[in-house]
Amino acid sequence: MTNTKITWEELAAAAGRLGIEPCAMKAVYEVESSGDGFLASGRPKILFEGHVFWKELEKRGLNPTPLSRTHPNIIYQKWTKIHYSGNGEKEYDRLGEALTINEEAALCSASWGAFQIMGFNHKVCGYETVHAFVEAQRQGAAAQLEAFCGFIKSNNLVRHLAARNWGAFAKGYNGPGYMENKYDLHLMEAYSRCAREHKG
């Protein structure tokens, strides 16, 4: 693995290719992962989503209901944060438990790296399989940035980030529940901090 943090130069180069201000891109980086897509162990930051795992199991013809009785902390029908470990390394314990049930579905059900992109989005990020996407997330910060660029291009979010339309970007990136977490406000604040830092 190369560097674990995306440099300002890398952010600026990627932002320039997409016609986005570097500080707008850095804002997403800061809000999603506090400016570092890796844990102290060297593994990518992840967050395992049990409600997504429920859907991913159904997609593969598996009934999640009985499984949820024996694995209640990783399989549940509606989103909740009560099962989050609060510790990045312990999220790998939750992922590990899910991997014993269905590997592909498990990898699709975690958000990965500096930009916390869900595994099931691997194709729009430019990876044919979730395994290829996860392997890229492990390679370093540059690969995580590349996946993010692919994601926002494929989902037509570049225009919102370029216009600093934080609400529209937040809705497209994190879903309609973004207001509950004030995601748009956090992006705006992160952008403002960056803009002050790089003024002139």
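The values are calculated or read from the model by the stated rules, or taken from the named source; none is laboratory data. This is a predicted model, so every value here is computed, not measured. Glycine also receives a Cβ, built like all others from the backbone with ideal geometry; neighbour counts cover every protein chain displayed.
Looking at the structure I just gave you, is Tyr29 crowded, with 18+ Cβ neighbours inside 10 Å and either within 30 Å of Asn165 (Cα to Cα) or acidic (Asp, Glu) (or both)?
Details: crowded, with 18+ Cβ neighbours inside 10 Å: yes; either within 30 Å of Asn165 (Cα to Cα) or acidic (Asp, Glu) (or both): yes.
Taking the combined requirement at face value, the residue satisfies it.
Every residue, every condition in (1) more than 13 Å from the chain's Cα centre (by Cα); (2) small (Gly, Ala, Ser); (3) at pLDDT below 95, yes or no:
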site: Ile75; (1), (2), (3): yes, no, no
site: Lys81; (1), (2), (3): yes, no, yes
site: Ile101; (1), (2), (3): yes, no, no
site: Leu107; (1), (2), (3): no, no, no
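Any residue at all in segment 107-128 that is surrounded by fewer than 16 Cβ atoms within 10 Å (Cβ to Cβ) and aromatic (Phe, Trp, Tyr)? Within segment 107-128, not a single residue is surrounded by fewer than 16 Cβ atoms within 10 Å (Cβ to Cβ) and aromatic (Phe, Trp, Tyr).
Here is a yes/no grid of residues against (1) without any contact (Cβ under 8 Å) to a residue 40 or more places away in the chain; (2) farther than 19 Å from Ser41 by Cβ; (3) aliphatic (A, V, I, L, M); (4) outside the structural domain of Leu157 (by TED's automatic domain parsing):
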position	(1), (2), (3), (4)
Gln77	yes, yes, no, yes
Tyr84	yes, no, no, yes
Asn87	yes, no, no, yes
Tyr92	no, no, no, yes
Glu97	yes, no, no, yes
Thr100	yes, yes, no, yes
Cys108	no, yes, no, yes
Ile117	yes, yes, yes, yes
Cys125	yes, yes, no, yes
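In segment 165-184, the qualifying residues are those that are of a type in the set (D, E, K, R) and surrounded by 17 or more Cβ atoms within 10 Å (Cβ to Cβ), and the one that is nearest to the chain's Cα centre (by Cα) is Lys171.
Filtered by the rule that a residue be part of a helix (DSSP H, G or I) and touching a strand residue (DSSP E or B) at 6+ places or on another chain (Cβ under 9 Å), segment 98-119 gives Ala98, Ala106, Cys108, Gly119.
Each residue in segment 18-39 was checked for being part of a loop (DSSP other than H, G, I, E, B) and either assigned by TED's automatic domain parsing to the domain that holds Thr70 or in contact (Cβ under 8 Å) with a residue 12 or more places away in the chain (or both), and 7 pass.
Being surrounded by 15 or more Cβ atoms within 10 Å (Cβ to Cβ), within 27 Å of His160 (Cβ to Cβ), in contact with a helix residue (DSSP H, G or I) (Cβ under 7 Å, 6 or more places away or on another chain) and of a type outside the set (S, T, N, Q): is that true of Ile46 here?
Details: surrounded by 15 or more Cβ atoms within 10 Å (Cβ to Cβ): yes; within 27 Å of His160 (Cβ to Cβ): yes; in contact with a helix residue (DSSP H, G or I) (Cβ under 7 Å, 6 or more places away or on another chain): yes; of a type outside the set (S, T, N, Q): yes.
Criteria met by Ile46.
Quick one: how many residues across segment 136-155 are more than 14 Å from Leu18 (Cβ to Cβ) and in a helix (DSSP H, G or I)? So the answer is 8. Please find, among Ala132, Ala147, Ala168, the residue that is outside the structural domain of Gly16 (by TED's automatic domain parsing), free of Cβ contacts under 8 Å to residues at least 40 places away in the same chain and not acidic (Asp, Glu). On inspection, the qualifying residue turns out to be Ala132.
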